[in-house]
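As structure tokens, the structure follows; a few thoughts come after it.
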Amino acid sequence: MTQASICTIGDEILIGQIVDTNSSHISQALNSLGIKVTRMLSIGDDHDVIVNSLGQEVSKNDIVIVTGGLGPTKDDITKAALAHLSGTDAYRTDERQLEIIHKILSSRGLDILDINLAQASVPETCEVIPNRCGTAPIMVFRFPADRFGHEATLYSLPGVPYEALAALPDIMEDIKAHHSLSDIYHRTVMTYGIAESALAKMIEEWEDNLPADMHLAYLPNPLTGVRLRLSIYGGNKEDEEARIEAELAKLRPILGSSLYSDHEDTLEGCIGRMLSGAGKTVSVAESCTGGTISALFTSVPGASEYYLGSVTSYANEIKINVLGVPAEIIAENGAVSSECVAAMAEGVRKLTGSDYSVATSGIAGPGGGSAEKPVGLVWIGVSSDKGTETFSMVFRNDRKRNIERFASSALNILREKLVNELKY
């Protein structure tokens, strides 16, 4: 199987000044071609470290994709390091990239400086894929088998995400033209409501009996639950799909209602399909989640078909005056209570005219808790014309994670209500 490594260059990544998003997009593109990514590596701005590190990656992989370090300033030293690695100190001007540089700078009304023109200068040993979105060219270095023990290709891309992602289609076409590829198949199913450790114990026997070439990964996320990803590298894609489907048929009865999707999915996406399929609508009343649930709903394309709106009732006055929560409920039980979220859910459903509603009120922290109502406590209410139910749970995380868990738990409770009432 063809193997690849993805490397980022720049001290700004190592010190946490910027977040590397290029690698995940590049990895997805490589996986779509059946290429196994073996390693992701970040390298600082040091000539010798770049040369030695990239040399090791090329010696171990068929393909190495490098992003970063190709700007016009003196601290961008990747080009010189790649020239050294490829065994040359000779450079040439790539006329296609030079033309692009002139067009880009002229269109922006910028002076064309020597340091800009120097970006079109590339090592003699490389091929160039023009960068149509920026001034730094994409350089391709092809190493013969006698250099590293096997034929290998190194692609050097700009670090700017917009430019790197725009270059990917050309990179993938070049890879297909120069490397033999095999199939790789991933299948992801989504679960919610079971901790990763408990889930592993629940499916232990099933996992132990998976075929030797089928690999299982657990991928927890507070907003979507635990993803289970099955992978097969090599073989025929149609056969792989059928084999994985056969294993999932054994898994579904074990997971029961905690399995909410047979594919990569989100709780809000799953809920949206159920609502739109049944011609039903939903609204939200949020306190402790501060609009998080609403943002999740509206992140789904087409949500306007079923999502009517929300009230972020952070203050008690809004709960009372907008949602119609009786003041005595809050006086007697507090805002973080079963009675309050029930009234919030019913109030927003009446206010918007939705078929379903979900409401949250809790203590995200770090302060505000008590012995009776600790930090991390949330009350969730769901309502429909068939009745209103409330649920409470406690999470012991920081504020951000508590809010995420509150929101995803509310979505999951709504999902379960829809499954029961809409008979999905």
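Just so you know, all these numbers are worked out from the coordinates, no wet-lab data involved. Note that the coordinates shown come from a computational prediction; the quantities given were computed from them, not determined experimentally. Note that we place each Cβ from the backbone using ideal geometry, even for glycine, and neighbour counts take in every protein chain shown.
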Sites D46 and K386 - FRET efficiency at Förster radius 45 Å, r taken between beta-carbons, to 0.05: 0.10
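Could you tell me the number of lysine pairs in the stretch 3-178 with C-alpha atoms less than 25 Å from each other, where the two lysines are 8 or more residues apart or belong to different chains?
Final tally of qualifying lysine pairs is 7.
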Applied in sequence order to the stretch 172-186, the curve 6.51 cos²θ - 1.76 cosθ + 1.60 (Karplus, θ = phi - 60°) yields integer Hz couplings, x standing for Gly and Pro, of 5, 5, 5, 4, 4, 7, 10, 10, 7, 10, 10, 6, 9, 10, 10
Overall Cα dimensions of the stretch 1-136, principal axis frame, Å, largest first: 45, 31, 29
Distance in Å, no decimals, from the C-alpha centre of the stretch 1-29 to the one of the stretch 122-179 is 15
Using alpha carbons only: equivalent-ellipsoid semi-axes of the stretch 214-334, gyration tensor based, whole Å: 40, 16, 13
Measure out, as a whole number of angstrom, how far apart the alpha-carbon centroids of the stretch 274-299 and the stretch 333-366 sit. 13
Note down, for the stretch 50-206, the three equivalent ellipsoid semi-axes (square root of 5 times each alpha carbon gyration tensor eigenvalue), biggest first, whole angstrom. 37, 22, 15
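Assuming 0.36 nm per residue, please report the length gained on full extension of the stretch S197 to A278 beyond their Cα-Cα distance. Working shown, then result.
On the way: separation 81, 0.36 × 81 = 29.16 nm, distance 3.52 nm.
Taking S197 through A278 to full extension adds about 25.6 nm, to one decimal.
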On each of the three principal axes of the Cα atoms of the chain, give max minus min coordinate, whole Å, ordered largest first. 82, 57, 42
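In the chain, what % of DSSP beta bridges are antiparallel (nearest 5)? Kindly include the intermediate steps, with their values, before the conclusion.
On the way: 43 of 70 bridges.
Taking every DSSP beta bridge with both residues in the chain, the antiparallel ones total about 60 percent.
Only Cα pairs under 8 Å and at least 6 apart count here; give the relative contact order of the stretch 3-178 as a rounded whole percent. Numbers along the way, then the final one.
Numbers: 312 pairs, mean separation 41.8, N = 176.
With pairs under 8 Å counted, the relative contact order is 24 percent.
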Counting every Cα pair in the stretch 267-422, what percent are over 29 Å apart? 11
Can you spot the lysines whose alpha carbon is less than 26 Å from K201's alpha carbon? Ignore those fewer than 8 places along the same chain. K250
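In percent, how large is the relative contact order of the chain, given Cα pairs closer than 8 Å and 6 or more residues apart? If you can, show how the numbers build up before the last one.
Values: 805 pairs, mean separation 47.4, N = 424.
It rounds to 11 percent for the chain.
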antiparallel share of DSSP beta bridges within the stretch 3-178, to nearest 5, in %, is 40
Out of the stretch 69-175, which trypsin sites (Lys or Arg not before Pro) are coil in DSSP terms and have no more than 12 other C-beta atoms within 10 Å? K74, R108
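Filter the GluC sites (Glu not before Pro) in the stretch 323-360 down to the DSSP loop ones having no more than 11 other Cβ atoms within 10 Å, then list what survives. Don't skip to the answer; put the middle values down first.
Working: sites: E328, E332, E339, E346; in loops: none.
When the GluC sites (Glu not before Pro) of the stretch 323-360 are filtered for loop state and at most 11 Cβ neighbours within 10 Å, nothing remains.
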